[in-house]
Amino acid sequence: MDQKTDPAIAAKMIVEAYLERSMVPDPVGARAYVSDDFDITFTGGRKFTGPDQTAAFNAKRYKWVKKKFLRTDAAHDPATGDVHVYNTGYLYGEWLDGTTFDTNRYMDSFVVRNGQIVSTNVWNDSAEILLEKAGLSEAPL
């Protein structure tokens with residue numbers, strides 16, 4: 001099996017291409033990798049249906065933000081044909097107040113079906129970092 005025939009390798013490439021477009025940000029380009037019924041859940045349970053919505057949300061939190069990929073893993077479910085993809089690493093960028101950051105952990109999970117991303121769940125440390133910056137954290141980071 002090669003990257004054209006291995007569903008796990010193909011799904012990893014789709015997810016990384018989507019993330020690269022999302023980081024530009026290029027919501028139109030990112031949209032090419034997702035299904036019409038795409039569902040995304042951000043940290044805190046925020047629901048979105050497209051890359052344009054997540055880019056607009058990020059613009060309210062960051063001046064700019066990018067991802068440093070550490071790993072992308074995938075598992076093919078032969079019973080459904082779905083591929084579950086997990087991408088983890090660090091967010092880096094600049095908060096709205098001009099403070100830079102580079103060690104904000106993230107973990108995204110994806111379901112890829114028929115060559116398109118159908119769902120994504122996003123987790124990161126941003127809320128905890130913002131609580132710490134506001135003096136509201138229960139314990140130091």
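Just list whichever of Lys12/Lys68; Lys60/Lys133; Lys12/Lys47 have alpha carbons separated by over 20 Å in the model shown. Provide the component values of the computation, followed by the final result.
Details: Lys12/Lys68 15 Å; Lys60/Lys133 16 Å; Lys12/Lys47 23 Å.
Check vs 20 Å cut-off fails for Lys12/Lys47.
Please give the net charge around His84, taking every other residue with its beta carbon less than 10 angstrom from that of His84, where Lys and Arg add +1 and Asp and Glu add -1. Numbers along the way, then the final one.
Working: positive: none; negative: Asp73, Asp77, Asp82.
Local net charge: -3.
Averaging over all projection directions, find the projected area of the Cα convex hull of the stretch 27-107 and quote it in nm² with one decimal place.
Details: hull surface 25.3 nm².
So the mean shadow area of the Cα hull is 6.3 nm².
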| field | Spatial extent of the chain: Rg and Dmax, with the Cα atoms as the point set, Å | value | 15.8, 53
| Helix axis angle, 7-23 relative to the chain longest principal axis, alpha carbon, degrees | 30 degrees
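Readers should treat all values here as calculations from the given coordinates under stated rules, not as data from a laboratory. As the structure is a computational prediction, the values presented were derived from the model and not from experiment. With ideal geometry, Cβ positions are generated from the backbone for all residues, glycine too; neighbour counts draw on all protein chains shown.
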